[in-house]
1. All but one of (1) at negative phi; (2) out of contact with any Lys or Arg (no Cβ under 6 Å at 6 or more places or on another chain) hold for residue 128; which doesn't?
2. Does region 53-95 hold any residues that are over 11 Å from the mean Cα position of the chain (by Cα) and in contact (Cβ under 8 Å) with a residue 60 or more places away in the chain, and which are they?
3. Any idea how many residues of region 65-98 are over 15 Å from residue 142 (Cα atoms) and assigned to a strand (DSSP E or B)?
4. Within region 2-24, can you find the residues that are surrounded by fewer than 14 Cβ atoms within 10 Å (Cβ to Cβ) and without any contact (Cβ under 8 Å) to a residue 60 or more places away in the chain?
5. Counting only residues that are part of a strand (DSSP E or B) and surrounded by fewer than 16 Cβ atoms within 10 Å (Cβ to Cβ), how many does region 107-138 have?
6. Can you tell me which residue within region 25-36, out of those that are out of contact with any strand residue (DSSP E or B) (no Cβ under 6 Å at 6 or more places or on another chain) and under 17 Å from residue 60 (Cβ atoms), is surrounded by the most Cβ atoms within 10 Å (Cβ to Cβ)?
Amino acid sequence: MEDIVSHMNDPRVAEHMPLLVSKWTLDDAEQFVAAKEEYWQRDTLGHWAILSDEAYVGWGGFQKEGEEWDFGLVLKPDNFGLGMRITRKAIAFARADPRIDFVTFLLPPSRKNLGALARAGATFIKEIEYNGEVFRKYLLETL
């Protein structure tokens, strides 16, 4: 849990997470993990702790939002370069899951380098407001 607290308190992470408005505590991390485990119970799919060479590098995965499966990925700053490699593996997972016809991505306006997402086949849908913040919504067909 300490890894998650440290990760979520890194200002370079907060720069791309407009909903992250306060410093995380151990209690916040425990509540976060419990909430993500509830999604696994409800949907039999959710977020994972992501490891590279057995070291924690971030978290991410799929979360059902209404009828849509949204993919999110939050890496530690030293591991930002792993993002597309992890995303490609996640998309391959989604393509193999018959429940997932498409994946959505909600990206904050601070994310400027979106070429890799476009090359993966994601298309911009619209800007949406989520919990009072604006995000850009993208969609990637998985069929």
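1. Going through the list (1) at negative phi; (2) out of contact with any Lys or Arg (no Cβ under 6 Å at 6 or more places or on another chain), residue 128 breaks only (2).
2. Passing the criteria: 76, 77.
3. Number satisfying all stated conditions: 5.
4. Correct list: 2, 11, 21, 22, 23.
5. Summing the residues that are part of a strand (DSSP E or B) and surrounded by fewer than 16 Cβ atoms within 10 Å (Cβ to Cβ) in region 107-138 gives 10.
6. 29
Any read-out appearing in this document is the output of simple, stated calculations on the displayed coordinates, not a laboratory observation. Every value quoted in this text rests on a predicted model; they were computed, and no experiment measured them. Cβ sites come from the backbone with ideal geometry, for glycine too, and all protein chains shown count toward neighbours.
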